[in-house]
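Since the structure comes first, as structure tokens, the remarks are kept for the end.
The values are calculated or read from the model by the stated rules, or taken from the named source; none is laboratory data. The model shown is predicted, which means the values in this text are computed figures rather than measured ones. Virtual Cβ from ideal backbone geometry, glycine too; neighbours counted across all protein chains shown. Heads up: the accessible areas ignore ligands, DNA and RNA and are worked out on the full protein's heavy atoms, side chains in. Shrake-Rupley method; radii C 1.70, N 1.55, O 1.52, S 1.80 Å.
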Amino acid sequence: MFDHISPASFRLTNARIVTGDRVLQGSVSVEQGLIAELREGPADGIDCAGAYLTPGVVDIHTDHVETHVFPRASVMWDFLNALMAHDMVVIGAGTTTVFDSLSVGASMKRPERREILGPLVEALEQGVARGLFRAEHFLHMRCEISDPDTMALVDANIGRPITRLASIMDHTPGDRQSLDVDHWTERMAREMKLGTEEMAERREELFARSARVGAQVRAHVVAAAGARRLPLMTHDDRTLAHVEQSHAEGIAVSEFPCTVEAAERARALGQIIVAGAPNYLRGGSQSGNVAVAELMAAGLVDVLASDYVPRSPIDAAFAIAEDPALPQDLPQMIAMVSRAPARLAGLTDRGEIAPGQRADLLRIHRHDGRNHIAAVWRGGQRVL
């Protein structure tokens, strides 16, 4: 039971410690689960053999839970077992704090999301209460505004203590993430195993539904998050109008902007910009939108999230720091996957290697441009 073991006191030595502004060759002392001291040079303790020591990743957006809940298209797995399997992947990716991004409502695929949300969140709460997870788990509510059922689902779950983030999404094609309607229709037909004609009919039903309820659902989500003072993110903004709307609603975070134009306007209005780490690692967007490398070059990214590949934040952080075409160094990149997302979510006790911070730590050996995560500590307790 990982949440019920008293954290130890120890020192990690002979490490390349990635702090907020430099890489320090030395040691980190941990006392009662907190970072007590950083010291340059040699010291007694656990020898890290020159490995990097970084803060644990704080991942504010991962869709990976569904990979385990639905291991095949026709199979739904036991929720708590699925979450424990997800947790093992997350901690193996170096993520010590994860915001499980569950769909609230449905646009087209998996309408059963409406029925399973409550039981899935209850299983998540059960796993947390019983100390079954190695990482610390919170809930990120991904609110689909094209679904009228989203309002009731938001009301039923937004008050849970585990709920810490919300985002507004509209997966209706032709406006945000999927600009090419014909391509979206063909792709969805393949994924849902439907004929093109039937898929086109369902698409038109989605268009009509979104036009009918979208504004009302969006306003409901904004009001509910505001009443709870819950950080709220706008998702897949493409145009200046999208950004202006979210800013007028008081939304402070732009998650996965689809264009440079949208990201530039978000920056001008003071919004925090979240980008997907897989976009950089695969060389561009899988949806044909702006490349994260382009946003990074323009200084238009504050936070990297895993989106759909749990391992991607820590790998992207090192890869971008080593990319000669980009200006960011390793301390800046590690901050984008640790301190910056933690502060976005209102967590001030973690995300950097500094005295008084929680000892969420990764020991990383770097070989041939790849990361080997050899050990993970959460709150001073070794969990991997």
Looking only at region 249-264, decide whether some residue is under 19 Å from the mean Cα position of the chain (by Cα), crowded, with 19+ Cβ neighbours inside 10 Å and part of a helix (DSSP H, G or I). yes
Might you let me know whether region 59-67 holds any residue that is in contact (Cβ under 8 Å) with a residue 40 or more places away in the chain, of a type in the set (A, V, I, L, M), over 23 Å from residue 143 (Cα atoms) and not in a loop (DSSP other than H, G, I, E, B)? no
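The rows are residues; the columns are (1) part of a loop (DSSP other than H, G, I, E, B); (2) in contact with a Lys or Arg (Cβ under 8 Å, 6 or more places away or on another chain); (3) more than 21 Å from residue 256 (Cα to Cα).
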residue: 42; (1), (2), (3): yes, no, yes
residue: 86; (1), (2), (3): no, no, yes
residue: 97; (1), (2), (3): no, yes, no
residue: 114; (1), (2), (3): no, no, yes
residue: 118; (1), (2), (3): no, no, yes
residue: 127; (1), (2), (3): no, no, yes
residue: 131; (1), (2), (3): yes, no, yes
residue: 137; (1), (2), (3): no, no, yes
residue: 146; (1), (2), (3): yes, yes, no
Hey, could you check region 267-290 for residues that are part of a helix (DSSP H, G or I) and among the aliphatic types (A, V, I, L, M) and say which is surrounded by the most Cβ atoms within 10 Å (Cβ to Cβ)? 277
Can you say whether residue 156 is open to solvent by 10 Å² or more (accessible area, probe 1.4 Å) and modelled with pLDDT of 85 or more, as far as the supplied structure shows? yes
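Could you grab me the full set of residues in region 359-384 that are open to solvent by less than 40 Å² (accessible area, probe 1.4 Å), of a type outside the set (A, V, I, L, M, F, W, C) and farther than 15 Å from residue 34 by Cβ?
365, 371
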Search result, residues across region 273-295 that are closer than 20 Å to residue 261 by Cβ and in contact with a strand residue (DSSP E or B) (Cβ under 7 Å, 6 or more places away or on another chain): 273, 274, 275, 276, 292, 295
